[in-house]
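Colleague: I have a structure I would like to understand better, so I am pasting it below and will then ask my questions one at a time.
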Amino acid sequence: MSVAGCTLRLVHTEATVDTALELAAAGLHATEIGRRLGVPKSTVQYWCRGGRRLEPAADRCRPCPRCHGAPLAAAAYAYLLGTYLGDGHITEPSATTEVLAIYCSDDWPGISAESEHAMRAVLPRSNVSRAPRSGSHALRSHSRHWLCLFPQHGPGTKHTRSIVLEPWQRSIVGENPGLLLRGLFHSDGCRNLNWTQKRTEKGVVRYEYARYLFSNKSEDILAICEAALDSLDIAHRRARWDVVSVARRAAVARLDEFVGPKY
C-alpha cells in the first residue's frame, strides 16, 4: 500500500525478518523465535508462510557497487576480501538474503572491530551482529548483495573449488595489496617469534627472530597471498605445502608496515 507515492514503513526491519527465517530453517519453533526477537508468534508464522510486509522503497534499496554502480570503499573491501578468503563464508538462509560470516577469536578484539568496520563500510545499509561461539564469535551481516561482492562463493569448502579473482577484484587488490595481506594474516595467519641454535666458538647460541606464517588448504588462496607479497617485494617461501612463510628480517619489517602483531 502506498501513500503519496511512498510505501508504508515496516514495523520490523528486513534484517529481523531474515534472522527469523534463518532460525526457522534451523528448526526453532515460532514461539521461541518470537521470544528471541521480540516479535509476536503470529508474525513469525506469517513470515514463514512467505508473507512479508514491504519496507519503504528507500530502505529496501541497498545500493550494490556491482548491481547499481554505487561507490565501493576499495580499501575496506580489500581487507574484507582477505578476511573472507582466510576465515569467512556466505550462507543463503532464504531466497531474498545472503549472510556473510567472518569468524574472529575473542583474544583479538581489535581485529574483530576492524573486520566489523570493513563490513559496514562495504555495505553501509546492512546490519552486523555477533554470534558467540566457544572462544570466538562470528560477525554476521545480512544482505542481498554479498554474492555480488564475493563471487568466489560456492558449494563446499574453499580448498575443494577454484578460487579466482575477477578482473575488478584484481584491480582493487593491485591498488591495495597491503590491506589484502592484512586481512589474510589477521584471519588465517600469525606473527610470532621463532628461534634457532647455532654452534659458535663460544658454544651454542640461541637466536630468536620474528616471522609471519599464513596457512590455508587452498592452493589458489595461497597463490593470491604470494602474488600480493611479490607486488610489495616481500620475500617469502613455503614452510610447508600449505603454509607461506615470511621470515627474512627485511621482509618482516616490510610486512610490519601493513600487518603487525594481532591485537
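The values are calculated or read from the model by the stated rules, or taken from the named source; none is laboratory data. Remember, it's a predicted structure, so these values are computed and weren't measured experimentally. Here the Cβ is made from the backbone with ideal geometry for all residues, glycine too, and neighbour counts use every protein chain on show.
Colleague: Provide a single number: the residues in region 211-263 that are within 24 Å of Leu165 (Cα to Cα) and either within 22 Å of the chain's Cα centre (by Cα) or assigned to a helix (DSSP H, G or I) (or both).
Modeller: The qualifying residues number 26.
This table checks each residue for (1) within 29 Å of Trp146 (Cβ to Cβ); (2) of a type in the set (Asp, Glu).
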{"position": "Leu165", "(1), (2)": "yes, no"}
{"position": "Arg170", "(1), (2)": "yes, no"}
{"position": "Gly183", "(1), (2)": "yes, no"}
{"position": "Asp188", "(1), (2)": "yes, yes"}
{"position": "Val204", "(1), (2)": "no, no"}
{"position": "Asp220", "(1), (2)": "yes, yes"}
{"position": "Ala239", "(1), (2)": "no, no"}
{"position": "Val246", "(1), (2)": "no, no"}
{"position": "Phe258", "(1), (2)": "yes, no"}
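Colleague: Within region 197-214, identify whether any single residue is at positive phi and of a type outside the set (D, E, K, R), and answer yes or no.
Modeller: Within region 197-214 (the criterion being at positive phi and of a type outside the set (D, E, K, R)), the answer is yes, since at least one residue qualifies.
Colleague: Determine the pairs where a residue that is among the polar types (S, T, N, Q), located within region 104-119, has a partner that is assigned to a helix (DSSP H, G or I) with Cβ atoms under 7 Å apart, the partner being 6 or more residues away or on another chain.
Modeller: Ser115/Thr83
Colleague: Given the condition assigned to a strand (DSSP E or B) and of a type in the set (Ser, Thr, Tyr), answer yes or no: does some residue in region 161-181 qualify?
Modeller: no
Colleague: Another question, if that's okay. How many residues are exposed (fewer than 15 other Cβ atoms within 10 Å of the Cβ) and of a type in the set (A, V, I, L, M, F, W, C) when one looks only at region 205-263?
Modeller: Summing the residues that are exposed (fewer than 15 other Cβ atoms within 10 Å of the Cβ) and of a type in the set (A, V, I, L, M, F, W, C) in region 205-263 gives 7.
Colleague: Considering (1) within 24 Å of Gly110 (Cβ to Cβ); (2) crowded, with 18+ Cβ neighbours inside 10 Å; (3) in contact with a Ser or Thr (Cβ under 9 Å, 6 or more places away or on another chain), say which one Lys158 fails and leave the rest.
Modeller: Going through the list (1) within 24 Å of Gly110 (Cβ to Cβ); (2) crowded, with 18+ Cβ neighbours inside 10 Å; (3) in contact with a Ser or Thr (Cβ under 9 Å, 6 or more places away or on another chain), Lys158 breaks only (1).
Colleague: Restricting to region 18-36, and then to whatever is modelled with pLDDT under 80 and in a loop (DSSP other than H, G, I, E, B), can you tell me which residue is surrounded by the fewest Cβ atoms within 10 Å (Cβ to Cβ)?
Modeller: Among those that are modelled with pLDDT under 80 and in a loop (DSSP other than H, G, I, E, B), it is Gly27.
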